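**Q** Below are the structure tokens for one structure; questions will follow.
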Number of protein chains: 2
Amino acid sequence: MTSAAVSNPTLFFNGGILQGEGVEHATRRIKDLDNVFQDTKVFGKTDPETLVYEVSSFLPVAEGTPGGLYFGLTHIHPGKVGNEYFMTKGHFHALIDRAEYYWGIKGEGVLILMNENREVWAERMFPGSLHFIPGRVAHRVANTGSQLLSFGASWPADAGHNYEEIRKNGFARRLIDKNGIPTLI
Amino acid sequence: MTSAAVSNPTLFFNGGILQGEGVEHATRRIKDLDNVFQDTKVFGKTDPETLVYEVSSFLPVAEGTPGGLYFGLTHIHPGKVGNEYFMTKGHFHALIDRAEYYWGIKGEGVLILMNENREVWAERMFPGSLHFIPGRVAHRVANTGSQLLSFGASWPADAGHNYEEIRKNGFARRLIDKNGIPTLI
């Protein structure tokens with residue numbers, strides 16, 4: 001029988017960046033985050049090109065494929081708009097019962113969760129934290145530290161995203177810096 | 001509006017071990033790995049209690065739940081049976097089109113993959129490697145290093161496991177230590 005070498009992986013994290021064939025990169029700047037932060041006055045004065053977060057995704061099958069899995073890596077830069085931390089838009093899944101995992105890789109943050117009754121709770125995110133996000137629960141992440149926050153994610157390819165509900169009605173609570181302590185109000 | 005504290009996560013990695021409410025731990029010893037290694041003579045002489053690998057799993061919904069997601073952390077100890085590295089049993093998914101992700105966390109290993117035509121290939125696994133395992137592809141991991149190999153996994157809750165096909169017919173190629181180089185033969 002012939003012998004064969006072992007290949008390098010086609011996907012890998014290089015200095016925290018997900019790289020490899022088929023990986024897609026997206027950026028979210030202040031100008032992309034209308035309706036996310038409460039302090040519209042400070043928001044309006046912030047440079048619209050300010051980078052808030054970046055997402056690298058590996059989406060190997062068509063969206064909607066049952067049983068397919070997607071993988072993502074998100075980096076949220078440190079920063080605030082008023083007393084609110086830089087954070088992701090947040091979303092429910094379009095197929096609302098779909099679950100997701102997030103896990104902390106670098107930096108400090110808070111995962112903010114809200115169910116369909118608009119009840120909100122939050123978990124600390126740090127290197128080694130793992131978060132199961134059940135179906136029917138909206139999720140958003142804030143960088144509460146002074147360094148880059150990086151976290152991994154895995155979700156079903158048929159989950160989809162419903163950003164609209166959060167864009168219109170927001171989360172029922174906001175995470176603010178209250179005397180240096182991340183606090184839900 | 002009342003203010004609320006942010007909770008600690010319910011799941012976390014503590015020194016590489018997945019901990020938290022609902023996490024299940026399983027061990028695989030030499031005595032559990034009948035029919036895995038080629039050298040049955042050396043296998044028979046190995047202490048049956050020798051620990052080969054450990055799996056911590058978080059299975060928050062019933063197996064078979066569509067859209068549910070499972071999460072696992074596997075530690076393979078360093079060692080060999082003859083010239084074959086300590087490795088997992090390997091499996092197809094019961095629902096064979098279900099995909100999975102593995103990613104390297106600690107140590108050095110090789111992910112061995114085989115499709116339904118029994119074609120085998122392999123990828124190096126290391127801290128930061130990410131591996132997409134498409135549906136219809138059996139997967140097994142070998143620890144090719146001298147330290148513990150740890151890797152994470154995420155897979156759909158309706159994937160299930162088909163260990164039987166591999167137990168009966170094995171992989172079409174084996175990964176052996178050939179003059180210190182992991183080689184598929």
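Bear in mind that the values in this text are calculations on the coordinates, not laboratory data. The model shown is predicted, which means the values in this text are computed figures rather than measured ones. Glycine also receives a Cβ, built like all others from the backbone with ideal geometry; neighbour counts cover every protein chain displayed.
**Q** If region B:22-184 were replaced by its equivalent ellipsoid, with semi-axes equal to the square roots of 5 times the Cα gyration tensor eigenvalues, what would those be, largest first, whole Å?
**A** Those come to 24, 17, 16 Å.
**Q** Can you bin every Cα-Cα distance in the protein assembly as shown into 20 Å intervals starting at zero and give me the percent of pairs per bin, rounded to whole numbers?
**A** Values per bin, smallest distances first: 28, 53, 17, 1.
**Q** If contacts are Cα pairs under 8 angstrom and at least 6 residues apart, what is the relative contact order of chain A in percent? Could you put the intermediate results ahead of the total?
**A** Details: 428 pairs, mean separation 43.4, N = 185.
Computed value for chain A: 23 percent relative contact order.
**Q** Follow-up question, since we're still on this one. Return A:125, B:114 ranked ascending by Cβ neighbour count within 10 Å, so the fewest neighbours appear first. Intermediate results must be reported in sequence, preceding the final value.
**A** Values: A:125 29, B:114 24.
With the sparsest Cβ surroundings first, the list reads B:114, A:125.
**Q** What is the spin-label model distance, in nm, from residue B:178 to residue B:50 if the labels are put 7 Å beyond Cα along the C-beta direction?
**A** Here the modelled spin labels are 2.3 nm apart.
**Q** Something else: Relative to the other copies, what are the label-point distances for residue A:169, with labels 7 Å from Cα along the C-beta vector, expressed in nm at one decimal and sorted shortest first?
**A** 5.2
**Q** Given the pairs B:31/B:178; B:45/B:106; A:31/A:80; A:89/B:106; B:106/B:178, which span a C-alpha to C-alpha distance of over 21 angstrom in this model?
**A** On the way: B:31/B:178 26 Å; B:45/B:106 29 Å; A:31/A:80 14 Å; A:89/B:106 32 Å; B:106/B:178 23 Å.
Exceeds cut-off: B:31/B:178; B:45/B:106; A:89/B:106; B:106/B:178.
**Q** Under a Cβ-Cβ cut-off of 13 Å, what is the net charge of the residues other than residue B:148 that fall near it, where Lys and Arg count +1 and Asp and Glu count -1?
**A** Values: positive: B:106; negative: B:54, B:108.
Summing Lys and Arg as +1 and Asp and Glu as -1 gives -1.
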